[in-house]
1. Going residue by residue through the range 74-92, is there one that turns out to be of a type in the set (Ser, Thr, Tyr) and in a strand (DSSP E or B)?
2. Look through the range 64-98, keep the residues that are among the charged types (D, E, K, R) and open to solvent by 60 Å² or more (accessible area, probe 1.4 Å), and return whichever of them is farthest from Glu43 (Cα to Cα).
3. If I go through the range 39-63 residue by residue, how many of them are under 26 Å from Ala104 (Cβ atoms), of a type in the set (A, V, I, L, M, F, W, C), modelled with pLDDT of 85 or more and open to solvent by less than 90 Å² (accessible area, probe 1.4 Å)?
4. Could you say whether any residue in the range 105-128 is of a type in the set (Phe, Trp, Tyr) and either in contact with an Asp or Glu (Cβ under 6 Å, 6 or more places away or on another chain) or exposed (fewer than 14 other Cβ atoms within 10 Å of the Cβ) (or both)?
5. Do the conditions hold for Leu8, that is, is it at pLDDT below 75, out of contact with any Lys or Arg (no Cβ under 9 Å at 6 or more places or on another chain) and surrounded by fewer than 14 Cβ atoms within 10 Å (Cβ to Cβ)?
6. Any residue in the range 102-121 that is assigned to a strand (DSSP E or B), free of Cβ contacts under 8 Å to residues at least 40 places away in the same chain and not charged (D, E, K, R)?
7. Name the residue, out of Ile32, Ile36, that is at pLDDT below 75, in contact with a Phe, Trp or Tyr (Cβ under 6 Å, 6 or more places away or on another chain) and not basic (Lys, Arg).
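The values are calculated or read from the model by the stated rules, or taken from the named source; none is laboratory data. Values in this document were obtained by computation on a predicted structure and should not be read as measured data. Note: ideal-geometry Cβ built from the backbone for every residue, glycine included; neighbour counts use all protein chains shown. SASA here: full protein model, heavy atoms, side chains in, ligands and nucleic acids out. Shrake-Rupley method; radii C 1.70, N 1.55, O 1.52, S 1.80 Å.
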Amino acid sequence: AMWPLWILSCLCWFPVPGAPISLHVEPEDHDIYHRIFHGSELEVVSEGHQWTEGPVVTPTGMLYFSDTVEAKIWAYDMNQDGSPPVVVRDNAGDCPEERKATSAEPGSNGLAWDPVSGGLFVCQHGARRLARWDLKSP
């Protein structure tokens, strides 16, 4: 199930806003690829980001992803067709002020769903730590 998320992560990042989308996937195992993607279409849900990472989908259909350069976590409701993603966390890497000017990626990297708490695990690149974010509180 990691293939769709990896490809989604690749599609969220564009070096030039508005650049034409060109994607070629050459899987190592064609049988697995066709079982996962049979009848599926790729959909661009967001663009214009600097460097996206850590896509994760919750059981309720929320897609969260990080922009490590902008230091933001974005959320996209997969149940709301056409709604743009929204920023749900600024300074997502919790980067100290004195390092922000010299850090190329002050934001969060990977995200993972925590099924026990219903929150997200956030790899905070800027703070060099793993944190848990309770989605029920701001």
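1. yes
2. Glu98
3. 2
4. yes
5. no
6. There is at least one residue in the range 102-121 that is assigned to a strand (DSSP E or B), free of Cβ contacts under 8 Å to residues at least 40 places away in the same chain and not charged (D, E, K, R).
7. Ile36
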